Amino acid sequence: MTDDKDVLRDVWFGRIPTCFTLYQDEITEREAEPYYLLLPRVSYLTLVTDKVKKHFQKVMRQEDISEIWFEYEGTPLKWHYPIGLLFDLLASSSALPWNITVHFKSFPEKDLLHCPSKDAIEAHFMSCMKEADALKHKSQVINEMQKKDHKQLWMGLQNDRFDQFWAINRKLMEYPAEENGFRYIPFRIYQTTTERPFIQKLFRPVAADGQLHTLGDLLKEVCPSAIAPEDGERRNQVMIHGIEPMLETPLQWLSEHLSYPDNFLHISIIPKQTD
């Protein structure tokens, strides 16, 4: 893995200033003040909002509280998507802080998975990591790790410990020198303009002639509408971690440096704002 540790650090410590407000129809015993928090982009909503939950529960009666869920401008927020992805996809063009509405009733069964405990988040996270390593190394690296290594990855994410996480995760980012990259690149492409949750296909980082595939090559093959200019002008932004990487960027480099902790590149295709 090339030594761009600053990039890894910048990605890890990316934060989104957020204002949580209780939904107006929730029953409270006194007024609920908004709660402000810097959300880590690489984490999951249900992992980092214990303080939010406690803050609002203080003004509510026990019988009015059921499972907490979050919504932005009418869209329920999927807790199993990383926070940075949710923001890029739904709110990247809006002013900060990000205004999230908190609910304790009327759980939207059709839109959201239940999150009964932190164990559910851990299970989802580890399952994504295993899927990513199946694509990259035929699962060899993750299967050779001990249980305590898997735990260290999870605890590193849960407790926001960069060094603890990367001490193990770097092994998942290595590949034999003669191969120039992973077997396949773990990626998911998301668009708000379609019903499909995301696009995911097998895509190699290196072409048959040895050339490194780029982000542009990937999009051209699996989601051409994202970059095909109509009238010569691109209508979409391609975003990872709140930035628009150049389409010429090698996919292998992106996979090593801009993947989320689950080892996937989560790529958002966002329609450009028309003034």
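The values are calculated or read from the model by the stated rules, or taken from the named source; none is laboratory data. Owing to the predicted nature of the structure, the values given are computational and were not obtained by experimental measurement. When we count neighbours, we look across all protein chains shown, and the Cβ atoms used for this are built from the backbone with ideal geometry, even at glycine. With ligands, DNA and RNA removed, areas are computed over all heavy atoms of the protein, side chains included. Shrake-Rupley method; radii C 1.70, N 1.55, O 1.52, S 1.80 Å.
Only the Cβ atoms of Lys and Arg (+1) and of Asp and Glu (-1) were treated as charged; on that basis the dipole of region 178-275 about its Cα centre amounts to roughly 300 debye.
Can you tell me the accessible area per residue over the chain, all protein chains present, probe 1.4 angstrom, in square angstrom?
The answer is 51 Å² per residue.
Which residue, chosen from M239, W166, Q211, occupies the Cα position most advanced towards the positive end of the dipole of region 150-251, where the dipole is computed from +1 (Lys, Arg) and -1 (Asp, Glu) charges on Cβ about the Cα centre? Of the candidates, W166 comes out farthest on the positive side.
Per the Kirkwood definition applied to all pairs of different Cα atoms, how many angstroms is the hydrodynamic radius of region 118-275?
So the Kirkwood estimate lands at 16.8 Å.
For Rg/Rh (Cα atoms, Kirkwood Rh), computed directly from the structure shown, the correct entry in [x] 0.99; [y] 1.02; [z] 0.94 is [x]. Comparing I68, M126, W79 along the charge dipole axis of the chain, the residue lying farthest to the positive side is M126, per the Cβ-charge model.
With both labels modelled 7 Å from their Cα along Cα-to-Cβ, the D209 to E195 distance reads 4.1 nm.
Exposure check, 1.4 Å probe, all protein chains in place: S225 carries approximately 70 Å² of accessible surface. The stretch between S66 and K54 holds 3.0 nm of extra length on full extension. This uses 0.36 nm per residue minus the Cα-Cα distance. When both region 158-197 and region 60-92 are represented by their alpha-carbon centers, they are found 24 Å apart. Among all the lysines, which ones have a C-alpha under 20 Å from K53's C-alpha, if same-chain residues fewer than 8 places away are not counted? Straight-line reach from K53, under 20 Å: K78, K105, K118. Each peptide in 170-179, 41-50, 256-265 receives the mean, over its residues, of other Cβ atoms within 10 Å, and ordering these scores from highest gives 256-265, 41-50, 170-179.
Taking the accessible area of the chain, probe 1.4 Å, and keeping the other protein chains in place, the carbon and sulfur fraction comes to 48%.
Taking the Cα centre of the chain as origin and assigning +1 to Lys and Arg Cβ atoms and -1 to Asp and Glu Cβ atoms, the resulting dipole is close to 680 debye.
Under 15 Å from a label point set 7 Å out along the Cα-to-Cβ vector of N99, the amide N atoms of region 63-88 belong to 71-75. In a simple Cβ point-charge model (Lys, Arg +1; Asp, Glu -1; nothing else charged), region 21-157 has a dipole of about 600 debye relative to its Cα centre.
Per residue, the average separation of C-alpha pairs within less than 8 Å and at least 6 apart gives the chain a relative contact order of 19 percent. Ordering E144, E109 by accessible surface, largest first, gives E144, E109; the 1.4 Å probe counts only protein heavy atoms, with every chain in place.
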